[in-house]
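The values are calculated or read from the model by the stated rules, or taken from the named source; none is laboratory data. The structure presented is a predicted model; accordingly, all values stated were derived computationally and were not measured. When we count neighbours, we look across all protein chains shown, and the Cβ atoms used for this are built from the backbone with ideal geometry, even at glycine. Note: areas computed on protein heavy atoms with side chains; ligands, DNA, RNA excluded. Shrake-Rupley method; radii C 1.70, N 1.55, O 1.52, S 1.80 Å.
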Amino acid sequence: MTDHVTSGSNYTRRRVLGGAAAASGIALAGCSGGGDGSGGGSGSGGAVEAEGSAELELTGWAADDTEADLVRGLATDFDENHDDISVTYEPLQSKYEQSMRTRLGGGEAPDVFYLDASYFGSFAAEGVLLDLDPLTEVEGYNVDDIFDPLLDAFRHDGTLYGIPKDFSTLSLYYNEPILEQAGVDD
């Protein structure tokens, strides 16, 4: 990807993606492609700089309209608090993984999108995701606040490509005597 530089406030696509990922808490990975369909991959060192503002597209799987409305509201709140960054949310409610693969292959991927940990590794191995390690140093955002196994689910070959937005506990085990010793009751 070549560098595109204009005068202005010096927002780079990477900085904007990092800010969106950090501030919104809903973005997992950003495509590093330059719009030419090449994808850019983890090895791309170029940055796209915008003149004073940036428009980002966020895509995520939504189980229903309620969830889509909630995320759309978060994007609106983000927009209201960031004059120079606009986020458009476009939910997908079916065939999410297939759709994202098609969009990435066609060079039409959104700037920020969800990836499930179960298929994240195949996307990372294809080199279509942005290295987020340099972006984790956004002021006021600390990846050390995130439970390591959740972050590790979005690391590939030691590089962070996604920020977890949530997790679910499918089963929970506990040691009753230790909880009782700690004063935790029913």
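The peptide list 117-123, 144-150, put in order of mean Cβ contacts within 10 Å with the highest first, becomes 117-123, 144-150. Between Glu57 and Ser171, how high is the FRET efficiency from 1/(1 + (r/R0)^6) when r is the Cβ-Cβ distance and R₀ = 30 Å? Nearest 0.05. That gives a FRET efficiency of 0.25. Our coupling estimate for segment 144-158, obtained by passing each phi through the Karplus curve with A = 6.51, B = -1.76, C = 1.60 and θ = phi - 60°, is 5, 7, 9, 3, 3, x, 5, 5, 4, 5, 10, 9, 9, 6, x Hz, Gly and Pro reported as x. If you sort Thr169, Thr136 by accessible surface, 1.4 Å probe, largest first, the order is Thr169, Thr136.
Under the simplified labelling scheme, the Asp185-Ser86 pair shows an inter-label distance of 5.7 nm, with each label point 7 Å from Cα along Cα→Cβ. Placing Glu126, Glu67 in order of accessible area, with the largest value first and a 1.4 Å probe, yields Glu126, Glu67.
Rounded to whole numbers, the Karplus 3J(HN,Hα) couplings from phi for segment 68-79 are 4, 5, 4, 5, 4, x, 5, 5, 5, 4, 4, 4 Hz, using 6.51 cos²θ - 1.76 cosθ + 1.60 with θ = phi - 60°, and x at Gly and Pro.
Using a probe of 1.4 Å on the protein chains alone, the accessible area found for Tyr174 is around 150 Å². Split the accessible area of segment 62-186 by element, probe 1.4 Å, and carbon with sulfur accounts for 47%.
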